[in-house]
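> Below you will find the structure I want to go over with you.
The values are calculated or read from the model by the stated rules, or taken from the named source; none is laboratory data. Just so it is clear, the structure is predicted and the values come from calculations on it, not from any experiment. Methodologically, a virtual Cβ is constructed for each residue, glycine included, from the backbone with ideal geometry; neighbour enumeration extends over all protein chains shown. Ligands, DNA and RNA are stripped out before the accessible areas are found, and what is left, the full protein with its side chains, is counted by its heavy atoms. Shrake-Rupley method; radii C 1.70, N 1.55, O 1.52, S 1.80 Å.
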Amino acid sequence: MKVLGVIVEYNPFHNGHLYHLKKAKELINPDYTVAVMSGNFVQRGEPAIIDKFSRAEIALEMGIDIIFELPFLYSIQDANGFAFGSIGLLDKTKIVTDVVFGSESADIKTLDIIAETLYNQPEDYQILLKKYLKKGYSFPNARKYALIEYFEQNKILSKEQILIIEKSNDILGLEYLIALKKLNSKIIPHTIRRKGSDYNDENFIGNFSSATAIRKLWKEKKYELIKNAVPFKTFEIIQREEKLGKGPIFIEDFELSFLSYLRTLSRDNLKKYYGVNEGLDQRIIEAAKHTNTIKELYHNIKSKRFTYTRIKRTLLNIYFGITNELIENINNTGPQYLRVLGFTEKGRELLSVMRNKVEYPIITTPSNYVSIIKNIERDLKNKRKMWNIDKKTYFKMIEYDFKSTNVYSLYYKNKEYSRYELDKKMKIIYRKGKI
């Protein structure tokens, strides 16, 4: 049985995503396709434009059989943490055989050579990395220059080959390969070339515009242009969510709450939060005092060492109270459950197979998250099934999922949807029939 795994955000699902999914299926010819998808906050350090339930619904319509939610604590980490959580979740399904990711280079061989070096961390490379960090470069740039010098010294790869890791999706692909090595996973990696504009390109180029460009069009209410860049189902659900008052949501909606919270903090308050180091605490405190828009805040914190995406993610860590200790812990244990947002008829069949294989709970009714642990403890006591779960981490991880959804829903324009703990109220999405 072949099971294809993809790692996605679908923010929102556009024609480039559909192209990637079709090409991945052509490459693998899978019996089933599953996706790990970010929840209501995404890796660029912002809220998703529509909620995870709506995005999961679109993905099922487009040909995914099961949508698993990437726990919030991984979804807003850097490429390393995001990849480790995503690959770790696919690995823990015990049924995913292949993972296909999009990349700018589509050069799996070169990416794997670089990944092997970053996984093994040879001493010569570590010395070079420290040298460039001391010069004040951001970690991604310090790593890039260290790799260039290391591989040129050892005559393994050229500078041109290494520069493929300058692009967003190649960087993520590299981290997926490293995560597979860390986990000693049997999942086979593949990559296909991305089609369309760059990940961060705000310019509309027609059918294959980036998600960034589409979100910009949505903010400007240019619906006719959006129609050209997304499948009809995406456009239909975009319109539905807007009419319901549940979208779109942008980082600017958080402006007042972000700035007011930051102005209550001191440097000592900040140091415990993940990502706050190397003087970033002082830059944040000073910037918060003297700015009144979130974009200005980012700009005033920005430096050669601190990229915009790092700043955005760090501010979310502060906002949600995510500490260094917490991230260190979850990056040691990996995901502690498989949260299902939705499935098709085929997906339901696959879930039945999985239940006999996995050593972590498959959660389809999140409101039962406490009783799930009680049942696991009973199984362990009676030696009915082998479970491999860290109970403390399980609770912390899923409670952050709930917390992030509760915060996200506050920014719905229709406040009726903000009254409930939606993670515990929403039913799993089930798509009947064949696609």
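> Scan the stretch 109-129 and report the pairs whose first residue is within 17 Å of ILE171 (Cβ to Cβ) and whose second residue is assigned to a helix (DSSP H, G or I) and open to solvent by 90 Å² or more (accessible area, probe 1.4 Å), with Cβ atoms within less than 8 Å and a gap of 6+ or a chain change.
What qualifies is TYR119/LYS182.
> In addition: When you scan the stretch 141-150, do you find a residue that is over 26 Å from LEU280 (Cα atoms), of a type in the set (Phe, Trp, Tyr), in a helix (DSSP H, G or I) and open to solvent by less than 60 Å² (accessible area, probe 1.4 Å), even just one?
Here is the first cut: in the stretch 141-150, the ones over 26 Å from LEU280 (Cα atoms) are 148-150.
Still in the list and also of a type in the set (Phe, Trp, Tyr): 150.
Filter again for in a helix (DSSP H, G or I), leaving 150.
Narrowing the set further to residues that are open to solvent by less than 60 Å² (accessible area, probe 1.4 Å) leaves 150.
Yes, because at least one residue in the stretch 141-150 is over 26 Å from LEU280 (Cα atoms), of a type in the set (Phe, Trp, Tyr), in a helix (DSSP H, G or I) and open to solvent by less than 60 Å² (accessible area, probe 1.4 Å).
> Taking the stretch 320-346, which residues are part of a helix (DSSP H, G or I), closer than 22 Å to TYR74 by Cβ and not polar (S, T, N, Q)? Steps first, please.
At the first step, the residues of the stretch 320-346 found to be part of a helix (DSSP H, G or I) are 320, 324-333, 345-346.
This time we only want the ones that are closer than 22 Å to TYR74 by Cβ, so: 320, 324-333.
Result: PHE320, GLU325, LEU326, ILE327, GLU328, ILE330.
> Looking at the stretch 173-195 only, could you name the residues that are open to solvent by 30 Å² or more (accessible area, probe 1.4 Å) and either touching a strand residue (DSSP E or B) at 6+ places or on another chain (Cβ under 7 Å) or not in a loop (DSSP other than H, G, I, E, B) (or both)? Working first, answer last.
Pass one, the stretch 173-195, residues open to solvent by 30 Å² or more (accessible area, probe 1.4 Å): 181-184, 186, 188-190, 193-195.
Once the filter is applied, which keeps residues that are open to solvent by 30 Å² or more (accessible area, probe 1.4 Å) and either touching a strand residue (DSSP E or B) at 6+ places or on another chain (Cβ under 7 Å) or not in a loop (DSSP other than H, G, I, E, B) (or both), the stretch 173-195 yields LYS181, LYS182, ILE188, PRO189, HIS190, ARG193, ARG194.
> So in the stretch 235-273, with the set limited to residues that are touching a strand residue (DSSP E or B) at 6+ places or on another chain (Cβ under 9 Å) and touching a residue at least 60 places away in the same chain (Cβ under 8 Å), which one is most open to solvent (accessible area, probe 1.4 Å)? It would help to see each step written out before you state the result.
From the stretch 235-273, those touching a strand residue (DSSP E or B) at 6+ places or on another chain (Cβ under 9 Å) are 249-251, 253-254, 272-273; that's our starting set.
From the residues that got through so far, the ones that are touching a residue at least 60 places away in the same chain (Cβ under 8 Å) too are 249-251, 253-254.
Numbers: ILE249: 3, PHE250: 35, ILE251: 10, ASP253: 67, PHE254: 0 Å².
Among those residues, the one meeting the criterion is ASP253.
> Name the single residue that is farthest from LYS243 (Cα to Cα) among those in the stretch 415-431 being in a helix (DSSP H, G or I) and open to solvent by 100 Å² or more (accessible area, probe 1.4 Å).
Here is the first cut: in the stretch 415-431, the ones in a helix (DSSP H, G or I) are 415-418, 422-425.
From the residues that got through so far, the ones that are open to solvent by 100 Å² or more (accessible area, probe 1.4 Å) too are 415, 425.
On the way: LYS415: 13, LYS425: 21 Å.
Per the stated criteria, the residue is LYS425.
> Go through the stretch 203-217 and report how many residues are open to solvent by 10 Å² or more (accessible area, probe 1.4 Å) and either part of a loop (DSSP other than H, G, I, E, B) or in contact with a strand residue (DSSP E or B) (Cβ under 8 Å, 6 or more places away or on another chain) (or both).
Qualifying residue count, the stretch 203-217: 6.
> Something else now. Could you figure out which of (1) within 24 Å of ILE58 (Cα to Cα); (2) part of a loop (DSSP other than H, G, I, E, B); (3) open to solvent by 40 Å² or more (accessible area, probe 1.4 Å); (4) of a type outside the set (A, V, I, L, M) isn't true of ASN406?
(2)
> I'd like the full set of residues that are more than 16 Å from SER266 (Cβ to Cβ), surrounded by fewer than 13 Cβ atoms within 10 Å (Cβ to Cβ) and of a type in the set (Lys, Arg), limited to the stretch 282-308.
Matches in the stretch 282-308: LYS295, LYS304.
> Between a first residue in the stretch 377-390 that is among the basic types (Lys, Arg) and a second residue that is open to solvent by less than 100 Å² (accessible area, probe 1.4 Å), which pairs have beta carbons less than 6 Å apart while being 6 or more apart in sequence or on different chains?
LYS385/ASP379
> GLY136 versus (1) part of a helix (DSSP H, G or I); (2) surrounded by fewer than 21 Cβ atoms within 10 Å (Cβ to Cβ): which is the lone unmet condition?
Just one mismatch for GLY136, condition (1).
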